[in-house]
(Lines give C-alpha, C1' and ligand atoms only; values in the text may rest on other atoms or scores of the structure.)
Protein backbone atom coordinates (compact mmCIF):
# COMPACT_ATOMS: atom_id res chain seq x y z
CA UNK A 1 0.00 0.00 0.00
CA UNK A 2 1.77 3.14 -1.24
CA UNK A 3 -1.07 5.53 -0.61
CA UNK A 4 -1.55 8.49 1.66
CA UNK A 5 -5.21 9.24 2.28
CA UNK A 6 -6.71 12.51 3.44
CA UNK A 7 -10.18 13.39 4.64
CA UNK A 8 -12.23 15.32 3.92
CA UNK A 9 -11.56 16.20 0.28
CA UNK A 10 -13.33 19.52 0.63
CA UNK A 11 -14.12 21.59 3.71
CA UNK A 12 -15.97 24.87 4.07
CA UNK A 13 -15.90 26.48 7.49
CA UNK A 14 -16.71 29.76 9.16
CA UNK A 15 -14.17 31.78 11.08
CA UNK A 16 -15.61 30.65 14.42
CA UNK A 17 -15.73 26.95 13.59
CA UNK A 18 -13.46 24.17 14.85
CA UNK A 19 -12.63 21.42 12.38
CA UNK A 20 -9.96 18.80 11.82
CA UNK A 21 -8.15 17.44 8.79
CA UNK A 22 -7.04 13.82 8.84
CA UNK A 23 -4.21 12.01 7.12
CA UNK A 24 -3.35 8.30 7.16
CA UNK A 25 -0.56 6.16 5.72
CA UNK A 26 0.28 2.48 6.07
CA UNK A 27 3.72 2.43 4.47
CA UNK A 28 5.57 2.27 7.78
CA UNK A 29 6.89 5.80 7.27
CA UNK A 30 8.04 7.54 10.44
CA UNK A 31 8.01 11.11 9.12
CA UNK A 32 4.78 12.92 8.32
CA UNK A 33 4.27 16.44 7.02
CA UNK A 34 1.63 19.12 6.62
CA UNK A 35 1.88 21.58 3.75
CA UNK A 36 -0.25 24.51 2.68
CA UNK A 37 -0.55 25.27 -1.04
CA UNK A 38 -2.14 28.35 -2.54
CA UNK A 39 -3.24 28.35 -6.18
CA UNK A 40 -0.34 28.39 -8.65
CA UNK A 41 2.19 28.45 -5.81
CA UNK A 42 4.51 25.76 -4.48
CA UNK A 43 3.60 23.88 -1.30
CA UNK A 44 4.80 25.53 1.92
CA UNK A 45 5.93 23.33 4.78
CA UNK A 46 3.96 23.82 7.99
CA UNK A 47 4.88 20.96 10.31
CA UNK A 48 7.02 17.83 10.37
CA UNK A 49 6.54 14.92 12.74
CA UNK A 50 9.36 12.45 13.13
CA UNK A 51 8.70 9.29 15.14
CA UNK A 52 5.43 10.83 16.34
CA UNK A 53 7.18 13.86 17.78
CA UNK A 54 6.86 17.36 16.38
CA UNK A 55 10.28 18.16 14.99
CA UNK A 56 9.60 21.10 12.72
CA UNK A 57 7.14 23.96 13.19
CA UNK A 58 7.62 26.59 10.52
CA UNK A 59 6.27 29.49 12.60
CA UNK A 60 2.70 28.56 11.84
CA UNK A 61 -0.05 30.54 13.65
CA UNK A 62 -1.49 28.82 16.70
CA UNK A 63 -4.90 28.55 15.04
CA UNK A 64 -3.36 25.51 13.33
CA UNK A 65 -2.65 22.71 15.79
CA UNK A 66 -1.09 19.44 14.59
CA UNK A 67 -1.41 16.10 16.30
CA UNK A 68 0.18 12.73 15.61
CA UNK A 69 -1.74 10.10 17.64
CA UNK A 70 0.31 7.20 16.22
CA UNK A 71 2.76 6.38 13.47
CA UNK A 72 0.04 6.06 10.83
CA UNK A 73 -2.15 9.06 11.59
CA UNK A 74 -1.69 12.79 11.40
CA UNK A 75 -4.31 15.39 12.23
CA UNK A 76 -4.48 19.12 11.75
CA UNK A 77 -6.89 20.88 14.08
CA UNK A 78 -8.28 24.17 12.85
CA UNK A 79 -9.77 26.92 15.00
CA UNK A 80 -10.65 30.55 14.37
CA UNK A 81 -9.23 30.54 10.86
CA UNK A 82 -9.10 33.55 8.58
CA UNK A 83 -10.25 33.75 4.95
CA UNK A 84 -6.59 33.95 3.87
CA UNK A 85 -6.12 30.44 5.27
CA UNK A 86 -8.18 29.08 2.40
CA UNK A 87 -5.89 26.77 0.46
CA UNK A 88 -5.13 23.16 -0.43
CA UNK A 89 -3.69 21.35 2.60
CA UNK A 90 -1.42 18.48 1.68
CA UNK A 91 -0.21 15.69 3.89
CA UNK A 92 2.91 13.71 3.04
CA UNK A 93 4.95 10.92 4.56
CA UNK A 94 8.45 9.57 4.12
CA UNK A 95 11.00 7.23 5.58
CA UNK A 96 13.59 8.72 7.87
CA UNK A 97 17.11 7.58 7.21
CA UNK A 98 20.19 8.89 8.91
CA UNK A 99 20.19 12.64 8.86
CA UNK A 100 17.92 13.00 5.86
CA UNK A 101 14.29 12.76 5.03
CA UNK A 102 13.62 10.67 1.96
CA UNK A 103 11.17 10.94 -0.90
CA UNK A 104 7.81 12.17 0.20
CA UNK A 105 4.54 10.55 -0.77
CA UNK A 106 1.71 13.05 -0.91
CA UNK A 107 -1.96 12.62 -0.25
CA UNK A 108 -4.58 14.16 -2.58
CA UNK A 109 -5.12 17.10 -0.24
CA UNK A 110 -8.04 18.82 1.46
CA UNK A 111 -9.40 21.90 -0.29
CA UNK A 112 -10.26 24.29 2.56
CA UNK A 113 -12.44 27.36 2.17
CA UNK A 114 -12.84 29.76 5.11
CA UNK A 115 -15.82 32.08 4.90
CA UNK B 1 15.42 31.45 0.72
CA UNK B 2 13.28 29.91 -2.00
CA UNK B 3 15.17 28.31 -4.91
CA UNK B 4 14.42 29.92 -8.26
CA UNK B 5 13.35 27.74 -11.14
CA UNK B 6 13.69 28.58 -14.81
CA UNK B 7 11.93 28.80 -17.12
CA UNK B 8 8.68 29.75 -15.39
CA UNK B 9 6.70 28.08 -18.16
CA UNK B 10 7.40 26.11 -21.30
CA UNK B 11 5.28 24.70 -24.10
CA UNK B 12 6.53 21.73 -26.11
CA UNK B 13 5.38 19.50 -28.92
CA UNK B 14 5.39 15.77 -28.29
CA UNK B 15 8.87 14.37 -28.83
CA UNK B 16 10.69 17.61 -27.99
CA UNK B 17 13.16 17.97 -25.14
CA UNK B 18 13.13 20.36 -22.19
CA UNK B 19 15.46 21.41 -19.40
CA UNK B 20 14.27 22.84 -16.10
CA UNK B 21 16.72 24.50 -13.76
CA UNK B 22 16.61 24.99 -10.00
CA UNK B 23 19.08 27.47 -8.52
CA UNK B 24 19.90 28.36 -4.94
CA UNK B 25 22.05 31.11 -3.49
CA UNK B 26 23.65 28.62 -1.11
CA UNK B 27 24.72 24.98 -1.08
CA UNK B 28 21.91 22.51 -0.55
CA UNK B 29 21.87 19.25 1.34
CA UNK B 30 19.80 17.57 -1.35
CA UNK B 31 17.42 18.24 -4.21
CA UNK B 32 14.15 16.43 -4.83
CA UNK B 33 12.15 16.76 -8.03
CA UNK B 34 8.35 16.52 -8.17
CA UNK B 35 5.68 16.82 -10.83
CA UNK B 36 2.23 18.08 -9.92
CA UNK B 37 -0.67 17.79 -12.34
CA UNK B 38 -3.54 20.22 -12.06
CA UNK B 39 -5.78 19.37 -9.13
CA UNK B 40 -3.54 16.53 -7.99
CA UNK B 41 -0.85 15.99 -5.37
CA UNK B 42 2.86 16.31 -6.19
CA UNK B 43 4.49 13.06 -7.28
CA UNK B 44 8.12 12.35 -6.47
CA UNK B 45 10.45 11.91 -9.45
CA UNK B 46 13.96 11.62 -8.01
CA UNK B 47 16.42 12.79 -5.38
CA UNK B 48 20.02 13.92 -5.75
CA UNK B 49 22.37 14.07 -2.82
CA UNK B 50 25.91 14.46 -4.05
CA UNK B 51 27.65 17.23 -5.94
CA UNK B 52 28.21 16.15 -9.53
CA UNK B 53 25.56 13.45 -9.28
CA UNK B 54 23.43 12.51 -12.27
CA UNK B 55 20.60 10.04 -12.30
CA UNK B 56 17.54 9.21 -14.28
CA UNK B 57 15.01 6.66 -15.38
CA UNK B 58 13.18 6.26 -18.66
CA UNK B 59 13.46 9.62 -20.40
CA UNK B 60 13.67 11.83 -17.33
CA UNK B 61 17.01 12.54 -15.74
CA UNK B 62 18.55 15.11 -13.43
CA UNK B 63 21.90 16.49 -12.37
CA UNK B 64 23.27 18.28 -9.32
CA UNK B 65 26.25 20.55 -9.87
CA UNK B 66 29.51 20.23 -7.99
CA UNK B 67 28.80 23.17 -5.69
CA UNK B 68 25.33 21.77 -4.94
CA UNK B 69 23.69 25.08 -5.74
CA UNK B 70 22.02 24.13 -9.00
CA UNK B 71 20.08 21.16 -10.26
CA UNK B 72 18.65 20.55 -13.70
CA UNK B 73 15.86 18.22 -14.78
CA UNK B 74 16.04 16.85 -18.32
CA UNK B 75 12.93 15.65 -20.13
CA UNK B 76 13.68 13.95 -23.41
CA UNK B 77 11.23 12.96 -26.16
CA UNK B 78 8.42 14.50 -24.13
CA UNK B 79 5.04 12.82 -23.90
CA UNK B 80 1.60 14.30 -23.26
CA UNK B 81 1.75 12.78 -19.77
CA UNK B 82 4.71 15.02 -18.90
CA UNK B 83 2.43 18.06 -18.71
CA UNK B 84 2.20 19.59 -15.25
CA UNK B 85 4.08 21.83 -12.87
CA UNK B 86 7.56 20.75 -11.87
CA UNK B 87 8.98 21.68 -8.49
CA UNK B 88 12.39 21.16 -7.01
CA UNK B 89 12.33 20.54 -3.27
CA UNK B 90 15.44 21.43 -1.30
CA UNK B 91 16.73 20.58 2.12
CA UNK B 92 18.82 22.89 4.25
CA UNK B 93 20.28 21.79 7.54
CA UNK B 94 21.63 24.23 10.10
CA UNK B 95 22.45 24.18 13.77
CA UNK B 96 19.42 22.31 15.05
CA UNK B 97 17.31 23.63 12.21
CA UNK B 98 15.88 22.02 9.13
CA UNK B 99 14.12 23.62 6.20
CA UNK B 100 12.36 21.97 3.31
CA UNK B 101 11.56 24.51 0.64
CA UNK B 102 9.99 24.04 -2.77
CA UNK B 103 11.28 26.04 -5.72
CA UNK B 104 9.15 28.57 -7.58
CA UNK B 105 7.85 25.97 -10.04
CA UNK B 106 7.92 25.48 -13.81
CA UNK B 107 4.69 24.93 -15.72
CA UNK B 108 5.20 22.55 -18.62
CA UNK B 109 2.63 21.81 -21.29
CA UNK B 110 3.14 19.21 -23.98
CA UNK B 111 1.00 19.52 -27.09
CA UNK B 112 0.12 16.76 -29.51
Would you check if there is a residue in the stretch A:18-33 being within 14 Å of chain B (Cβ to nearest Cβ), in a loop (DSSP other than H, G, I, E, B), on the phi < 0 side of the Ramachandran plot and surrounded by 19 or more Cβ atoms within 10 Å (Cβ to Cβ)?
yes
Within the stretch B:49-77, which residues are part of a loop (DSSP other than H, G, I, E, B) and either on the phi > 0 side of the Ramachandran plot or touching a helix residue (DSSP H, G or I) at 6+ places or on another chain (Cβ under 7 Å) (or both)?
B:52, B:58, B:68, B:77
State whether one or more residues within the stretch B:11-23 are out of contact with any helix residue (DSSP H, G or I) (no Cβ under 8 Å at 6 or more places or on another chain) and within 12 Å of chain A (Cβ to nearest Cβ).
yes
Could you tell me whether residue B:59 is free of Cβ contacts under 8 Å to residues at least 24 places away in the same chain and at the interface with chain A (Cβ under 8 Å from one of its Cβ atoms)?
no
I'd like to verify a number: residues in the stretch B:94-110 that are at pLDDT below 90, in contact with a strand residue (DSSP E or B) (Cβ under 9 Å, 6 or more places away or on another chain), farther than 15 Å from residue B:2 by Cβ and more than 7 Å from chain A (Cβ to nearest Cβ), how many?
1
Meets criteria (surrounded by fewer than 18 Cβ atoms within 10 Å (Cβ to Cβ) and within 11 Å of chain B (Cβ to nearest Cβ)) for residue A:55:
yes
Subset of the stretch B:33-45, residues buried (at least 17 other Cβ atoms within 10 Å of the Cβ) and within 14 Å of the chain's Cα centre (by Cα), comes to B:33, B:34, B:35, B:36, B:42, B:44, B:45
Are there any strands (runs of 3 or more DSSP E) wholly within the stretch A:58-113 with 1 or more residues that are within 14 Å of chain B (Cβ to nearest Cβ) and over 10 Å from the mean Cα position of the chain (by Cα), and if so which?
A:87-94
When you go through (1) in a strand (DSSP E or B); (2) within 13 Å of chain A (Cβ to nearest Cβ); (3) over 30 Å from residue A:10 (Cα atoms) one by one for residue B:33, which number turns out not to apply?
(3)
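The values are calculated or read from the model by the stated rules, or taken from the named source; none is laboratory data. Source: prediction; values computed, not measured. Don't worry about glycine lacking a Cβ; one is built from the backbone with ideal geometry, like all the others, and counts go over all protein chains shown.
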